[in-house]
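What follows is a single structure, written as structure tokens, with notes after it.
Just so it is clear, none of the values below were taken in a lab; they were calculated from the coordinates. Keep in mind that what you see is a predicted model, and the values were worked out from it rather than measured. Because the Cβ atoms are built from the backbone with ideal geometry, glycine has one as well, and the counts that use them run over all protein chains shown.
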Amino acid sequence: MMEEIFDNHSQEIDSSLIDILRELEQKRREQRQIKLDELGRKLAKTRNEAINERAASGFEQIWREDEEYYNGIDDLNRSSTQYIKPRTTGGGLVSTHKNTNGDAQCTEFLNITRPFCDAAEARMCDMLLPQNDWPFHIKPTPVPDLDQAAKSESQLIDPATGQPFAVSDIAKARKQEISEKVEKAADQIKDWLIQSEYKTVNRHVMANAVQVGTGILKGPFPSKRNLTKYEQGRLVEIEQIFPDVKCVSHWDFFPDMNGGEEIQECDYVFERDYMTARQLRNLDGVPGYESDAIKKVLKEGPGQRNINSHQQADTLDNDRFEVWYYYGSIDNGDLEELDENYACECEDERKKLDDGEEEEREPVNAIVVMVNDTVIKGVKSPLGNYGYPFDVMVWKRVSNQLFGAGVAREGRAAQKTVLASFRTLMENMGLASVPMLALLRSALIPAENGNYSIHKGKRWFINEDAGIRNVSEAIQAIIIPSMQKELTEMIQLGMKMMEDATGITFLMQGQQGSAPDTVGGMQMMLQNSSTVLRNVARIYDQKVTIPNIKRHYKWLLMHGDDDMKADLQIEATGASSLVEREIQAMFMPQILQMVSTNPGLEGSPKKAFHEWLKSMKFDPSKFDMDEQEKQAMAEQQPPVDPRVQVEQMRIEKDMQIAQMKSEIDQMKIQKDVDRDALYSQGVTERNQITYEAQIRELELRKELAMLQYAMQQQMQLEDIKAKLSDSAMKLSVQKELANINTQPAKQVLPAPSEPPQRAPAGRAFQE
């Protein structure tokens with residue numbers, strides 16, 4: 001009896017305790033939900049500020065204009081463009097619309113923006129994302145304390161010799177160990193990149209950078225994949241978590257606009273995404289997600305969208321939920337409410353504190369997911385204080401702005417020039433081909449119900465009472481002159497403007513354009529045209545490749561095996577690969593020929609052939625023979641007699657020696673010829689210099705004698721020169737007369753007397 005009373009009493013106590021615990025749990029959940037709602041309102045306010053700041057920056061207007069020009073849309077053809085609605089049938093070859101005056105205007109869009117953008121994108125992707133290579137190298141980091149570590153291990157004894165290991169041997173072994181770890185790490189990272197389709201995603205990033213000036217790469221972030229394996233006679237599906245990457249649209253990217261040109265300098269970053277109700281429902285029960293919050297959001301349905309100027313409300317799918325991802329710092333206490341793992345970390349830290357010591361509550365970097373301004377997930381950022389999982393690629397840098405300018409923006413003036421010239425040309429051709437008419441209505445009677453319009457085969461009657469003798473007196477054509485040549489030149493000018501503005505030549509598009517005919521000129525033009533692209537490649541290396549691969553390595557340190565963890569460095573090769581590949585493609589055929597025809601070089605023709613194939617962007621493995629093909633070829637070819645092979649080698653060597661002797665003899669002959677020519681040239685030049693020096697000396701002596709004679713005679717130097725010129729002319733006349741009469745002529749002018757003590761002994765003054 002007593003036992004029954006005790007059992008009943010115990011049950012009553014347990015039931016009351018459970019009720020109390022349930023009530024306490026309910027209050028805790030309510031208080032927790034209040035904190036989460038407050039966090040959601042705070043983040044929603046920050047998000048709205050980010051939306052307004054980006055809209056005020058003017059980039060959204062620029063993006064919309066650039067995308068429209070890329071798609072061939074402007075204000076004149078927007079209502080009839082094929083991207084909005086199909087073109088109506090029954091129209092002419094040239095689409096037109098009526099302007100405010102009722103005149104027809106050409107609306108055709110001669111698009112040069114798209115081919116230039118496509119050429120730039122293809123060129124950059126071909127350079128930065130090669131088919132059989134990666135745009136980076138992973139190498140061991142030089143370890144400064146390697147020798148010191150080796151010294152600390154120098155006490156180890158070699159069991160074979162009984163002596164301590166040498167420091168150099170220990171350092172060498174450690175370097176070899178690090179190199180092996182780095183090689184394994186590089187292979188693992190490249191395997192992840194292949195799984196995430198890294199190159200395909202980056203092509204989308206590059207396309208956005210070319211069109212609007214900005215491309216955003218996100219990653220690595222955790223993603224699930226299902227692998228199917230065959231184990232023990234049956235198919236088994238295995239779920240794996242691997243680091244994934246994605247291209248984030250610039251329209252869904254809202255960073256802190258006060259962060260300048262570096263993404264890591266921003267205080268926060270918002271990313272917008274969309275989910276269906278099914279996708280959101282599948283998150284219920286996933287570790288880290290708030291089940292109550294997800295049920296609440298599903299019950300509310302898709303809330304009010306945060307629409308920017310690019311999107312229209314009637315084009316949005318109202319069945320999808322707008323999901324916002326926040327990357328930035330939040331209060332330490334808020335993160336404890338969201339992340340159980342972080343709460344456990346904080347609890348462990350509190351236990352380590354001494355009694356009476358206060359814990360510092362600094363903000364912590366976190367990732368928060370919101371739907372309808374309701375927080376459904378929050379975790380500590382796996383990157384810690386490193387930054388954000390975003391890399392922003394810009395085509396052309398804009399000062400103090402995170403976003404950049406693209407090819408479409410750089411060539412906008414050229415596109416407008418070409419478009420205006422083309423539309424004017426089409427309108428001019430239409431007016432010039434169909435002339436206007438001036439009709440004397442009293443003299444003409446149309447045969448078709450008073451219709452004065454003209455068409456093929458139309459009949460007219462001339463009014464006999466009009467008194468005209470010729471139909472030309474009643475109908476006169478107004479001819480509009482054709483401006484086809486001038487307008488075509490303007491279009492060509494616009495094309496040249498596009499090349500100069502963007503740095504993308506027609507040669508990059510597969511068109512010769514104004515390229516030179518010589519091979520050297522072509523190579524020089526290719527190198528010059530690659531200057532702009534090399535600068536863009538450097539931006540890609542610094543802004544995308546290096547930081548993204550570093551984050552992949554940090555992921556490896558957190559989740560990889562120990563035999564892959566080592567200090568390493570990332571070296572981007574995108575900027576240098578362009579020049580290297582052009583040089584390789586230029587000289588590789590010569591190298592291949594040298595290696596194949598000169599066995600003394602000890603080079604491998606197969607390796608040289610593979611490198612040549614790589615420079616031509618071919619997979620060398622596809623050209624290798626398998627074992628069956630090698631065996632079949634060996635069976636078809638009879639074995640070579642060693643004696644014959646030796647004799648062939650001897651003949652080749654003799655021929656090479658003979659050729660070398662012949663070349664040496666020719667060099668000697670040419671050297672002798674050059675030496676004789678140089679000697680003869682030197683003698684001639686020396687004689688010429690001596691002769692000129694003597695002539696100059698005589699002229700100076702003559703000038704000095706004339707000056708002294710003038711001083712004696714008190715005459716001006718110009719008068720002396722005039723007299724001498726007169727005397728020279730008279731002497732010339734005497735010579736001509738002497739040649740005619742064959743007899744000496746009389747002396748017209750007496751010979752000038754020699755001044756005393758002015759000429760050297762035995763020399764006359766006349767000389």
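Extending 7 Å from Cα along the Cβ direction at Glu265 and again at Gln631 yields two label points whose distance is 6.7 nm.
By the count of other C-beta atoms within 10 Å, a proxy for reagent exposure, His204, His552, His455 are ordered fewest to most as His455, His204, His552. Given their separation in residues at 0.36 nm each and the Cα-Cα distance between them, Glu489 and Arg174 gain 106.5 nm when the chain is fully extended. Fewest neighbouring Cβ atoms within 10 Å first, the residues Glu265, Glu239 line up as Glu239, Glu265. Would you tally the net charge around Leu217, using a Cβ to Cβ cut-off of less than 10 Å, leaving Leu217 out, and scoring K and R as +1, D and E as -1? Every neighbour counted, the sum reads +2. Database remark: amide H of Ser223 closer than 5 angstrom to the amide H of Phe242, Asp244 (H placed geometrically; neighbours at sequence offset of 5 or more, or on other chains; Pro and chain starts carry no H).
Would you mind counting up the charge near Ala466? Only other residues with Cβ under 12 Å from its Cβ, with Lys and Arg at +1 and Asp and Glu at -1.
Counting the neighbours of Ala466, the net charge comes to -1.
Put a dot 7 Å past the Cα of Ser291, heading toward its Cβ, do the same for Arg78, and the two dots end up 5.1 nm apart.
Between Glu30 and Leu440, residue separation times 0.36 nm minus the direct Cα-Cα distance comes to 138.3 nm. Near Tyr274, the amide H atoms lying under 5 Å from its own belong to Val323; only residues 5 or more places off or on other chains count, and H is placed 1.01 Å from N. Legend: calculated FRET efficiency, Val398 to Gln105, from the Cβ-Cβ distance at R0 = 41 Å, rounded to 0.05, equals 0.75.
Neighbour counts of other C-beta atoms within 10 Å: give me Arg551, Arg534, Arg29 arranged from fewest to most.
By the 10 Å Cβ count, ascending, the order reads Arg29, Arg534, Arg551.
Other residues within the sphere of radius under 15 Å centred on the Cβ of Ile546, judged by their own Cβ, net out at +2 (K and R +1, D and E -1). Under 5 Å between amide hydrogens, built in the peptide plane, is the criterion, and for Lys396 it picks out Ala405 among residues at least 5 positions away or on other chains.
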